[in-house]
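**Q** This is the structure I want to talk about, given as structure tokens.
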Amino acid sequence: MTAILSLLSALLYGSADFSGGHATRRNSVFSVMLFSQAAGAIVALIVAPIVGRDAPRAVDFAWGFLSGLTGSIGLAALYRGLALHRAAIVSPVSALVGALVPAAFGAILGERPSRLALAGAVICLPAIFLLSYEKGDSGDRSELRASFLYGIVAGLGFGSFFIAISRTSSGSGLWPLIAARAASLAATAAFVVAGGKRVSVARKDRPAALFAGLADMGANVCFLLASRSGLLILVTLTSSLFPAPTVLLARIFHGQRISGPRAAGIALALAGVALIGLR
């Protein structure tokens, strides 16, 4: 069940990224973020009392709030890096670091996957990198260094999100995700207000933004449940394969060609997940 939840988390994360990216073509990133995150938060608030009837502990709220803050920092760094038009550097670095940090944390905790699962995890690492890879030119060295640093910060933020949310107790249900979403909404709103930005999403793009928020929250739920039932190393690496469905959806709906590196990444991802599932 853990493997299924982890894979479903990757599929939903990738679908959310694709849908959110579609919505941001004609709208500001932070407008789409606020709209989609608010939608996800409303759904979580409705479902949370049903899933977890017990009153959550303060420490669970604290872990959830921390995960929301770190995730927001990671997202801000990712968007700042992408603004430099260096997706070929920022995306793979952030994806790889975001997977390695919680995997290393799981190893420190003493997690020891089986040999097959470990082999699958090792295969997933280059798959994550290749799936996020985009061909780019060399450009200015200082700009390249800045992009690399933004990628690292983004990955640290995403990895910290995975670690923090996985530390919540099983009895807390979905309430930690409510705290996480509250923190991320507050951080995003603060940035919008500080920058004097206008918040607006075109009516025809609202369904895509809405789906992005629902899919992202669904992915968080799947990851949270998977991390409570399985090894953080395996759950994180499987969930971090989310660029694969994004690439496939872009091919299906936008006709984008799948490059050689990304095709290799998809093949490695499938092999890695298969080995992890056989553990």
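**Q** Restricting the calculation to Cα positions, tell me the Rg (one decimal) and the Dmax (whole number) of the chain in Å.
**A** 17.9, 55
**Q** Between PRO49, SER72, HIS254, whose Cα lies farthest towards the positive end of the dipole of the chain when Lys and Arg beta carbons carry +1 and Asp and Glu beta carbons carry -1, centred on the Cα centre?
**A** HIS254
**Q** Kindly give the semi-axes, whole Å and largest first, of the ellipsoid equivalent to the stretch 160-279, taking each as the square root of 5 times a Cα gyration tensor eigenvalue.
**A** So the three semi-axes of the stretch 160-279 are 28, 25, 12 Å.
**Q** Helix-derived [θ] at 222 nm for the chain: sum -39500 (n - 2.57) over DSSP H runs of at least 4, divide by residue count, nearest 500?
**A** The helix-only estimate for the chain comes to -27000 deg cm²/dmol at 222 nm.
**Q** Mean Kyte-Doolittle hydropathy of 1.6 or higher plus an axial Cα length of 27 Å or more: which whole DSSP H helices in the chain meet both?
**A** Within the chain the helices that satisfy the rule are 29-51, 87-108.
**Q** Need one word for the stretch 1-75: rounded, prolate or oblate. Basis is the Cα gyration tensor (sqrt eigenvalues a ≥ b ≥ c); a/c below 1.5 gives rounded, then a/b vs b/c decides.
**A** It is prolate, given that a/c is not under 1.5 and a/b is the larger ratio.
Any read-out appearing in this document is the output of simple, stated calculations on the displayed coordinates, not a laboratory observation. Computed from a predicted structure; not experimentally measured. Note that each Cβ is placed from the backbone with ideal geometry, even for glycine, and that neighbours are counted across all protein chains shown.
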